[in-house]
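For reference, the structure is listed below as structure tokens.
The values are calculated or read from the model by the stated rules, or taken from the named source; none is laboratory data. Model, not experiment: these values are computed from the prediction. Using ideal geometry, Cβ is built from the backbone for each residue, glycine included, and neighbour counts are taken over all protein chains shown. Quick note on the areas: whole protein, heavy atoms, side chains included, nothing else; ligands and nucleic acids left out. Shrake-Rupley method; radii C 1.70, N 1.55, O 1.52, S 1.80 Å.
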Amino acid sequence: MKKYTLLLFLLAAGAQFSCNQDLDPTVYSNLTNTNGYQTKSDAIAAINSIYGRLKGPAVGDNFSYWATRHFALTDIATDLGHCQYGGDPGQLSLGTWNSTNGLLDEDWKAMYKLIANANNAIFNITPMSGITAAEKAQFISEAKFLRASAYMDLTDSWGPVILITEANLGSPGYLDQTPPSSVEEIDAFLVKELTEAADVLPVNYKSNAIYGTNDVGRATKGAALTLLAKLYMRSHEWQKVVTLTQQVMALNEYSLYPSYLGLFKESNKWCSENIFSSLSDANTNGTELLNHFGPIDHPVVQNRWQYYTVNWDFYNTFGDEDDRKKCFFPEFMGTDDLLHKQAPSLGAQPPAGEFYMPDVSTRKYADDETTTYYDGHSVNILRYADVLLSRAEALNEISGPTAEAINLINQVKGRSHAKLLVLAGLTKETLRDAILQERGWELFYEGKRRADLIRMNKYDVLVNAYHLRVGESAQIKMPQNKYYTYPQSQVNLNPKLSNADRQ
């Protein structure tokens, strides 16, 4: 806002001191629909603008979509997330959201801004004559993958949504009130898009002829195949999940990072476990993850908000041997000279010198390496551990417990020195529960939990059980809470988005 205020001031000053002079500005360049999208660099700039939408438009507003806000929809509103504050995140934490919730509104807008950038890029790159056919196919495939990722997140959150593609840009009806497309219609569109993208995108960008540098973080064949597998998981098409995860594994491009905590450190921008991530650089291209996830009154990780946290019930499910339990701030001597810790029982009052924290913050995006306000943590949107657990889930749904499924799960557990599973005595149902628990331990605050609970028909069961145990009301009702209410701002623009069955 400051730069706009300054601009207005200067304009006003110019009018005051030279109101009798004609303004004759010097025009150094003029981008129009006739001179834009001429060169390869034009096309790359358009594609890079789509990646930029994964976070936010610039430093100063880098807390949208995968830079923070999306986790409120995917994790706070589940059995593991918590927010001690009121307002929009508090509604999601308690299961009491409605159509005026600001986080729902902002996340919706962030996803459609990404889609708009992708549509514009595809529309304008398609007729370009100044690039090769291979370059054109690469750029359009990246745009299709990124657009598909946003539509997956939209349909996970809201189900039927407005499907807008580059085809709408030829004769846009800006005032049209378009009805939402069904999830099945959008899924069919995404299958086609991701299949086409996977056929074009490279396995990696080492010695890449188009970009010339190893541009980690760009869409790859493995990313498109993984996202397609996630799509089929949602529709319970298990054999297709098995096929696609095998294809990802056969690329021999990915492996588990040696340590769980090291995987999320700010200094670990990219590693063999990353399949697709939103990348950041502190200050120059940073996010506000540390601010939202960091603890209050900590002596090292200071001036943070403890905003997006884990509830104590979930924290207590970790075994002490599990390295993932070290990914939290459960006890510390605060800058307020109080010992911050967990209460020994519900409703207990702390003695002198102690403070009972209402929840526990995580180190996942708040390690003590970071000192800047805009931190440089990567957000792993798709990673290899998820592929292994997804394949194990699909195998179990097809054939029940198998040695392969157990081995896949134990690869993930073994990395964190967690207690391993044994095949004997497991049933399809008990292994399904174990996989859900494992996914919670492994993938908390990575944007997966709500979709996992809904897919396994445990959303209302587990979320309500937690709320009741801590003395809150059970708010989740299925099937109406399978999807969020459409943001009221969007309903006002398009009444065909109806919330009648979602309240």
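Points 7 angstrom from Cα along the Cβ direction at Met478 and Glu253: gap in nanometres?
3.4 nm
When ligands, DNA and RNA are left out and all protein chains stay put, how many square angstrom of accessible area per residue does the chain have with a 1.4 Å probe?
That works out to 44 Å² for each residue.
Considering only protein heavy atoms and a 1.4 Å probe, what is the carbon-and-sulfur percentage of the accessible area of the range 145-197?
Taking all protein chains in place, the range 145-197 shows 57 percent carbon and sulfur surface.
Which order do Phe189, Phe123, Phe145 take by accessible area at a 1.4 Å probe, largest first?
From most exposed to least exposed: Phe123, Phe189, Phe145.
In deg cm²/dmol, rounded to 500, what helix-only [θ] at 222 nm does the chain give when every DSSP H run of at least 4 residues adds -39500 (n - 2.57) and the total is split over its residues?
Value at 222 nm, helices only: -13500 deg cm²/dmol.
Accessible area of Met249, 1.4 Å probe, to the nearest 10 Å²?
The accessible area of Met249 comes to roughly 50 Å².
Regarding the range 385-503, what's the average projected area of the Cα-atom convex hull, expressed in nm²?
Result: 9.8 nm².
What's the percent breakdown of Cα-Cα distances in the chain across 20 Å bins, shortest bin first?
With a bin width of 20 Å, the distribution comes to 21, 55, 21, 3, 0.
Keeping every protein chain in place, order Arg234, Arg324 by accessible area at 1.4 Å, biggest value first, i.e. largest first. All intermediate terms of the calculation are to be shown ahead of the outcome.
Numbers: Arg234 60, Arg324 0 Å².
If we order Arg234, Arg324 from most to least accessible, we get Arg234, Arg324.
Per the 1.4 Å probe, what fraction of the accessible area of the range 375-480, in percent, lies on carbon and sulfur atoms? Working shown, then result.
On the way: 2150 of 3740 Å².
C and S atoms contribute 57 percent here.
Just the number, please: carbon plus sulfur as a percent of the accessible area of the range 205-265, 1.4 Å probe, no ligands or DNA/RNA counted.
Percent of accessible area from carbon and sulfur atoms in the range 205-265: 53.
Kirkwood hydrodynamic radius (Cα pairs, Å) of the range 144-270?
For the range 144-270, inverting the mean 1/r across all distinct Cα pairs yields 16.7 Å.
On a 0 to 90° scale, report how tilted helix 183-200 is relative to the longest principal axis of the chain, with both axes built from alpha carbons and the result rounded to the nearest 10.
70 degrees
On C-alpha positions alone, give me the angle between the axis of helix 221-234 and the longest principal axis of the chain, in degrees, nearest 10.
60 degrees
Between the helical axis of 133-158 and the dominant principal axis of the chain, each derived from Cα atoms, what acute angle in degrees is found, rounded to the nearest 10?
50 degrees
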